[in-house]
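The values are calculated or read from the model by the stated rules, or taken from the named source; none is laboratory data. None of these values were measured; they are calculated from a predicted model. Reconstructed Cβ throughout: ideal geometry from the backbone, glycine too, with neighbour counts over all protein chains shown.
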Amino acid sequence: MDKHLDTHYADTPIAFDELGKIADVLCKDHTRNDTGNITLYDVTIYPQKPSLEVTLPAVQILGQMSGQDEGEDPLSVGDWVVVRFLGGDAERPYIAGRWQNQETTAVAQTTAQYPRTRIIRRGVAWEVDKDGKASLQLKEDQSFKLLDSNGAVLLEVIDNGGGYEVHLGGNAGLLRLLTENTIGSLKGIWNGVTPVPNDGGAAIKAAFVLALDAAFTTANSTDITRAK
């Protein structure tokens, strides 16, 4: 038979999808990543014909966003994936998507929950329920930051070992809350209040409470912030 013993795997047309496992991750600065822009993966597949184990180097994943809408949901070593071949060419593989682990049920949903989006990465659970309400569930010893368009911290949730602390805008936000809002309100009280004779200071007390309440409400209207 012609070329029976020296047929290369790439010489065999691939008509079917193959199940593979991520063997290595090639970030954009990896020496074997020629793109310099996207993450590539080494994938080990187990084709039936020929019956051998083959590792495909530097394979791109399908469906990652690019252009103005960018995003990446990275794969990890050991993740199972489905591999396809563009035009049936074994030299042009790509990762079509993840192969769902049927032993994992934490993200599966019931009929009542559908269509819910739930993603768990490194123990952090991000969810958008069927009504569009979003939530983020942290695991122990993790923190969460909300940043503005310039990367400045607007809000930070920190595990302090016995619970969680909520920091508003980092130190700058707290300083503003204590100075511009609170002290500014106190100054406004003395400049604007009109003492009422023989009322025992009731007018000043009422103005004081209203001004401080307004200061904290302006800083952040949530009940959590006002309580803090």
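Worth pointing out:
- Test: residue in the range 86-102 that is among the hydroxyl-bearing types (Ser, Thr, Tyr) and touching a strand residue (DSSP E or B) at 6+ places or on another chain (Cβ under 6 Å): yes
- Any hit, the range 104-119, residues being within 20 Å of the chain's Cα centre (by Cα), at pLDDT 85 or above, under 22 Å from residue 61 (Cα atoms) and of a type in the set (A, V, I, L, M, F, W, C): yes
- In the range 57-76, the condition of being in the same structural domain as residue 28 (by TED's automatic domain parsing), under 21 Å from residue 38 (Cβ atoms), assigned to a strand (DSSP E or B) and modelled with pLDDT under 85 is met by at least one residue.
- Subset of the range 18-44 [closer than 15 Å to residue 97 by Cα, in a strand (DSSP E or B) and not aliphatic (A, V, I, L, M)]: 18, 20, 21, 41, 42, 44
- When residues of the range 187-208 are limited to those that are among the β-branched types (Val, Ile, Thr) and surrounded by 11 or more Cβ atoms within 10 Å (Cβ to Cβ), the one modelled with the lowest pLDDT: 189
- Of the criteria (1) farther than 21 Å from residue 80 by Cα; (2) assigned to a loop (DSSP other than H, G, I, E, B), which one residue 166 fails: (2)
- Only a single item in (1) under 27 Å from residue 76 (Cβ atoms); (2) in a loop (DSSP other than H, G, I, E, B) is not met by residue 112, and it is number (1).
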